[in-house]
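See below for the structure under consideration.
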Amino acid sequence: MPPVSFPSPREVIHRWVEAFNRQDIETLLSLYHPDAVNHQVAEDLVQGADNLRRRFEQIFALAPMTCLVENIFQDEEWAMLEWRDPLGLRGCGFFHIPAGRIRYQRGYWDKLTFLRQHHLPLPKE
């Protein structure tokens, strides 16, 4: 029996960006392990497919978003994505992708800048 072949972390990130830019939640979810963790440091951590679905629904309803790839780096089961959006916001994401599915994701970006750029309410202090 031939060994099982999985897409590389770099390939998974390319698919993730394409699905994100289409706001294709079903394809995005198919890229994650069912118990995956996504922690955008500006937001609460979410875990599991149902919570990931709700989070994607929330963020896509908030404002138009486009991820423009600046760099994708890969090191074994990890991929790192440097991105920007058309308004100039920049960020990065770290993805642990064993066996071709995202198991863990952490993202860093400036939430205050995002809210201001999209004329959204600022958090109360």
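The numbers here are math on the coordinates, done by the rules we state, and not lab data. Treat the numbers as computed from the prediction; the structure is a model and nothing was measured. With ideal geometry, Cβ positions are generated from the backbone for all residues, glycine too; neighbour counts draw on all protein chains shown.
Maximal additional length on extending the Phe6-Lys124 stretch stands at 38.0 nm, based on 0.36 nm per residue less the C-alpha distance.
How big is the charge dipole of the chain about its Cα centre, in debye rounded to the nearest 20, if each Lys and Arg gets +1 on its Cβ and each Asp and Glu gets -1 on its Cβ? The dipole magnitude comes to about 220 debye. Between helix 9-22 and the chain there is an angle of about 40 degrees, using the helix long axis and the longest principal axis of the Cα atoms. Helix 49-62 and the longest principal axis of the Cα set of the chain meet at an angle near 40°. Full extension of the chain between Met80 and Leu45 yields a length gain of 10.7 nm, computed as 0.36 nm times the residue separation minus the alpha carbon distance. For the range 1-93, a/c is not less than 1.5, where a ≥ b ≥ c are the root eigenvalues of the C-alpha gyration tensor, and a/b does not top b/c. That puts it in the oblate class.
Remark: the range 25-35, residue by residue, has Karplus-estimated 3J(HN,Hα) of 5, 4, 5, 4, 4, 5, 8, 9, 5, x, 9 Hz, where x stands for each Gly or Pro and the curve is 6.51 cos²θ - 1.76 cosθ + 1.60 at θ = phi - 60°.
A protection proxy built from the mean count of other Cβ atoms within 10 Å ranks the segments 20-32, 89-101, 50-62, 113-125, most packed first, as 89-101, 20-32, 50-62, 113-125.
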